[in-house]
1. Output the residue which, of all residues in the stretch 144-169 that are of a type in the set (Val, Ile, Thr) and part of a strand (DSSP E or B), is nearest to ILE92 (Cα to Cα).
2. Just the residues that are closer than 13 Å to GLU301 by Cβ, under 22 Å from the mean Cα position of the chain (by Cα) and buried (at least 16 other Cβ atoms within 10 Å of the Cβ), please, taken from the stretch 388-409.
3. Kindly list, by first and then second residue, each pair from a residue in the stretch 231-254 that is not assigned by TED's automatic domain parsing to the domain that holds PRO128 and among the basic types (Lys, Arg) to a residue that is crowded, with 17+ Cβ neighbours inside 10 Å and in a helix (DSSP H, G or I), limited to pairs with Cβ atoms under 7 Å and residues at least 6 apart or on different chains.
4. Would you check if there is a residue in the stretch 177-184 being aromatic (Phe, Trp, Tyr), in contact (Cβ under 8 Å) with a residue 24 or more places away in the chain and outside any loop (DSSP other than H, G, I, E, B)?
5. Which of the numbered conditions does ASP166 fail, given that it passes all the others? Conditions: (1) surrounded by fewer than 16 Cβ atoms within 10 Å (Cβ to Cβ); (2) over 23 Å from PRO275 (Cβ atoms).
6. Using the structure shown, decide if VAL325 is assigned by TED's automatic domain parsing to the domain that holds VAL365 and either outside any helix (DSSP H, G or I) or modelled with pLDDT under 95 (or both).
7. Of all residues being among the basic types (Lys, Arg) and more than 22 Å from the chain's Cα centre (by Cα) in the stretch 97-127, which is farthest from GLU272 (Cα to Cα)? Just the residue, please.
8. Taking LEU108 as the residue in question, decide whether it is among the hydrophobic types (A, V, I, L, M, F, W, C) and either over 20 Å from VAL221 (Cα atoms) or exposed (fewer than 15 other Cβ atoms within 10 Å of the Cβ) (or both).
Amino acid sequence: MKRNILSMNKVSVRLRSGWRLTAPLCLAFCLVVLGMAHIAFLAAAAVAGIFAFYLWRRSKSSALSLATGEKNHLSQINPADERELARPVIKIGYGLFPLVENKKGAPLIGRVDGIRQQLSGQLGFALPHIPIKVDLSLEPNSYRILMGEMILAEDLVWPEDALALDDGSVVSAIAGRSCKDPAFGMDALWIDQNEQSRAVSEGYLVVDASTVIATHLGSVVRGNAARLFSSDDAQRLIDCLKTSAPQLADSLTSGWLSLNAMTAICQELLAENVPLNDFQKIATAMLEASSMHGEIVHMVETIRQEIGDLIVHAIVPKSLPLTVVTLDASLESALFKSFKVREGAVYPFDLLLAQKMIEAVNIAVRSVPVESRNMTLIASPVLRRPLSALLRPRFPDLSILSYQELPEDKSIEVLTKIGVPLSSRTMAVTDSNSV
């Protein structure tokens with residue numbers, strides 16, 4: 001379309017320049033051939049010719065500028081700035097403008113920047129600045145968290161009220177507008193700010209609107225950390241490694257692993273909530289895995305086994321036991337057989353078996369207290385990755401580990417076991433007392 005327009009402009013320029021040159025030539029022809037020659041008329045024809053030549057040159061220059069400008073424009077829009085496209089953005093309705101107003105302290109700006117710095121430390125790479133923009137097309141009290149044009153999350157908050165969260169410690173309920181906490185899905189109430197003291201005394205956890213948005217942002221960013229991580233971030237990690245462990249950095253960069261491969265490995269780890277804080281240990285595991293495997297997926301599984309203590313520590317502090325869900329031997333055998341038959345397929349498990357597995361995990365998650373729902377499913381190394389692909393999109397707080405990723409000195413507490421009883425084809429969940 002743009003090329004057609006450019007061609008039409010060139011044709012138009014040629015036509016205009018043709019008429020400009022024709023006029024003085026006709027005038028001169030009439031004067032000489034038809035006997036109308038006169039010095040004054042000939043001078044007029046000469047001036048007209050010079051002026052026409054000037055206009056023709058300027059038109060040609062304009063056409064060239066148009067073509068050059070068109071090429072420059074195309075060259076500017078073709079290479080996309082991936083970092084900019086991956087940057088999260090918060091858009092708020094005009095009713096939430098007081099949360100970013102300077103004269104009111106702009107509490108949301110401070111909260112968002114604090115969350116960004118906190119997550120940068122937890123994830124192990126620097127997150128970009130997260131802008132906040134007022135969008136008049138949104139409802140007054142609504143907000144959206146976007147990445148590019150994709151809406152990652154949205155909800156409503158009331159800047160003049162406070163959100164009282166019920167984390168299971170509430171003694172007596174109070175009045176308010178009921179809702180769900182957008183970050184964790186807990187039962188909550190919007191209450192008047194004058195009721196905050198009473199809500200706290202009754203066992204509620206009370207936060208303001210800015211904290212609600214910032215906490216929701218933190219949850220969304222953590223879940224999309226792999227998308228935010230770029231090759232520039234990988235290069236910065238390598239540059240830091242050159243200072244702390246130069247020989248390791250040199251071996252890593254001069255080996256089989258390219259920068260794109262290292263970026264992909266880091267993204268795979270971040271996608272399953274594995275932080276990159278101890279990149280020196282991760283880099284050592286990368287180097288070893290690259291000497292054993294050629295495919296990224298196999299490298300990642302080997303790396304995970306080498307950094308199991310980092311993975312577990314990101315789930316639970318070192319001083320506390322790891323709460324796990326295990327699979328019954330018969331179920332694990334059925335999953336293994338199904339996986340081997342369909343290995344390499346988009347859905348590596350039998351669809352009916354996969355559906356029953358999802359239902360059983362859902363029952364297991366709902367059967368434990370809210371504070372224990374950030375739990376871990378333990379499976380064999382062969383099943384870990386396909387089970388993670390099946391379950392994590394539906395249970396984002398569920399970690400899936402293999403037996404070989406568990407540190408030998410880590411205490412484990414089995415919450416439930418998922419299995420198939422002999423008398424039924426329906427999966428069952430048993431508590432740890434019956435294991």
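The values are calculated or read from the model by the stated rules, or taken from the named source; none is laboratory data. Not measured: the values here are computed from a predicted model. All Cβ positions, even for glycine, are placed from backbone atoms using ideal geometry, and neighbour counts span all protein chains on display.
1. Step one: list which residues in the stretch 144-169 are of a type in the set (Val, Ile, Thr), which gives 145, 151, 157.
Of the ones still in play, those that are also part of a strand (DSSP E or B) are 145, 151.
On the way: ILE145: 9, ILE151: 13 Å.
If we take residues in the stretch 144-169 being of a type in the set (Val, Ile, Thr) and part of a strand (DSSP E or B), then ILE145 is nearest to ILE92 (Cα to Cα).
2. Kept after step one, since they are closer than 13 Å to GLU301 by Cβ, are these residues of the stretch 388-409: 388-389, 400-405.
If we keep only those that are under 22 Å from the mean Cα position of the chain (by Cα) as well, we get 388-389, 400.
Of everything in the stretch 388-409, those that are closer than 13 Å to GLU301 by Cβ, under 22 Å from the mean Cα position of the chain (by Cα) and buried (at least 16 other Cβ atoms within 10 Å of the Cβ) turn out to be SER388, ILE400.
3. LYS242/ALA249
4. No, there is no match, as no residue in the stretch 177-184 is aromatic (Phe, Trp, Tyr), in contact (Cβ under 8 Å) with a residue 24 or more places away in the chain and outside any loop (DSSP other than H, G, I, E, B).
5. (1)
6. The answer is yes for VAL325.
7. LYS103
8. Numbers: among the hydrophobic types (A, V, I, L, M, F, W, C): yes; either over 20 Å from VAL221 (Cα atoms) or exposed (fewer than 15 other Cβ atoms within 10 Å of the Cβ) (or both): no.
So LEU108 does not fit the description; no.
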